[in-house]
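The values are calculated or read from the model by the stated rules, or taken from the named source; none is laboratory data. Only a predicted model underlies this, so the values are computations on that prediction, with no experimental measurement involved. Here the Cβ positions follow ideal geometry from the backbone for every residue, glycine too, while neighbour counts run over all protein chains shown. Note: areas computed on protein heavy atoms with side chains; ligands, DNA, RNA excluded. Shrake-Rupley method; radii C 1.70, N 1.55, O 1.52, S 1.80 Å.
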Amino acid sequence: PKLTFHMYDANYAISVLIFVVVAVIVSTLMVKLQRQMQIANKKREITSKINTIGNGFLNVSGFDEIKRYSEESLAGLTGKRVTVMLKESEREEFPNALAEWCYNQSLPCGHGECQFPGDSGLYIPIKNREKTYGVIVFDCTDWSLREEEKVYVDYTGYRSGRKERTAKELRSSNPERF
């Protein structure tokens with residue numbers, strides 16, 4: 001009979017069970033594939049933005065230009081006020097005590113972090129493996145960074161530190177040029 005689920009043969013029950021199991025497996029795999037595609041698209045977008053920032057660092061040199069470019073690129077990405085503090089010498093101290101702590105410890109602190117979570121600023125060190133070059137301060141009044149923005153911050157901090165390290169190496173190898 002049409003539009004009924006009555007089976008006259010026991011083999012049909014086994015076939016239906018196999019079809020249901022296959023359908024569940026296929027739909028589960030499709031959901032996982034869709035999630036992976038969303039993640040891949042987000043990573044592609046992030047990589048594109050990071051490459052744009054990285055290419056911009058190729059055209060800057062010196063503390064003031066690095067500072068300006070970093071502030072502009074991070075403010076453009078996050079839409080928030082950003083301050084970049086760079087140290088030209090180890091004897092110099094930042095006017096902000098939390099920025100100085102962040103620099104000395106090479107650890108993030110401030111808004112949303114373990115250290116000084118009540119502060120309205122988020123302090124991220126600019127560093128490479130061996131040295132800290134400065135601190136990026138985000139004004140977190142009424143907001144916080146999303147995960148992808150933290151990726152931009154980490155990458156920009158790394159590029160700033162790497163660029164300044166290269167500039168210092170050039171200065172020390174050829175001082176009369178600078």
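Taking amide hydrogens as placed 1.01 Å from N in the peptide plane, the amide H of Asn128 sits under 5 Å from those of Tyr133, each at least 5 positions away in sequence or on another chain. Taken along the Cα-to-beta-carbon direction at a fixed 7 Å, the label points for Ser106 and Ile39 span 3.0 nm. The 3J(HN,Hα) values that the Karplus relation (6.51, -1.76, 1.60; θ = phi - 60°) gives for the range 60-67 are, in residue order, 10, 8, x, 4, 5, 5, 4, 4 Hz. Gly and Pro appear as x.
Taking Lys and Arg as +1 and Asp and Glu as -1, the other residues whose beta-carbon sits under 11 Å from that of Asp119 total -2.
A simple spin-label model places the labels of Arg91 and Asn128 2.5 nm from each other, with each point 7 Å out along Cα-to-Cβ.
In the context of the full set of protein chains, residues of the range 1-130 present 71 Å² of accessible surface per residue (probe radius 1.4 Å, heavy atoms only). The order of the peptides 107-118, 18-29, 68-79 by mean Cβ neighbours within 10 Å, most packed first, is 68-79, 107-118, 18-29.
Pairs to check: Lys67/Lys127; Lys49/Lys80; Lys43/Lys131; Lys49/Lys131; Lys42/Lys131; Lys87/Lys131. Give those whose C-alpha atoms are more than 21 Å from each other in this structure.
Lys43/Lys131; Lys49/Lys131; Lys42/Lys131
To put it simply, the accessible area of the range 1-135 at a 1.4 Å probe is 58 percent carbon and sulfur.
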